[in-house]
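See structure below.
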Amino acid sequence: METWWDGISTTNKVFVCSAIVFTLLFVSQLIMSLWGVDSDGDGDVGDAGFHGDLGDLNPGEVHELGSVAFTLLSTRSIIAFGTLFSWAGSIYLATGKSILVTLIYSFIWGALAMVGVSLILRFILRMQEQGNVSVAWALGEKGTVYINIPSDGYGKVRLNIKGIMRIVNARSANGTPIMAGAMIKVVGVVNQNTLDVVELWNPEGE
């Protein structure tokens, strides 16, 4: 191993070190997704820490944020780019390719990984959010807040509707802000994409 390391160029060493770092990040992200660490522990796909205040958005904008949560600039797609870019660069340099050719080929492989991961994750999210289940059936159901619900705006809640886990736009029925992770109860249906909810500790939610 030491002989191999000493025998490669400095540029290749940079690629190898980068590949190891990105691979570890990629594996850790995969493990967190499988265990639901980055999505409140329920196993749903979501970007870590994505629970900001969406009070300035309307329901359509909140819904759009959910459907494009995994764009080309998401954490996972960038890590996928770095992983394949670095490994490809190391391999191409080891086969004698020039730095310019290596960078071009590596960028192509990284871009393919980036696009592939983005498409896969967006497909998974849409499968979660869409379906033939009417949100009207959610009336009276209990769930958890997925994205903060401000007092005068919209967030998202996660709940089981007829056996299907859905992430739906929601607003506070009584104007009280509800933080991510709080237990809620559906008390009204605004439209097919938006629910009125109250936090369960509130007497109105009992």
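The values are calculated or read from the model by the stated rules, or taken from the named source; none is laboratory data. These figures come from a predicted structure and were not determined experimentally. Cβ atoms come from the backbone with ideal geometry, glycine included; neighbour counts cover every protein chain shown.
Summary table below
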item	result
Residue, nearest to LEU103 (Cα to Cα), within the stretch 17-51, restricted to residues that are at pLDDT 85 or above and surrounded by fewer than 17 Cβ atoms within 10 Å (Cβ to Cβ)	CYS17
Residue ID - surrounded by the most Cβ atoms within 10 Å (Cβ to Cβ), chosen from residues in the stretch 176-191 that are among the small types (Gly, Ala, Ser) and farther than 13 Å from TYR154 by Cα	ALA182
Neighbours by Cβ (under 8 Å, 6+ apart or cross-chain): first from the stretch 1-20, without any contact (Cβ under 8 Å) to a residue 60 or more places away in the chain; second surrounded by 10 or more Cβ atoms within 10 Å (Cβ to Cβ) and not basic (Lys, Arg)	LYS13/TRP5
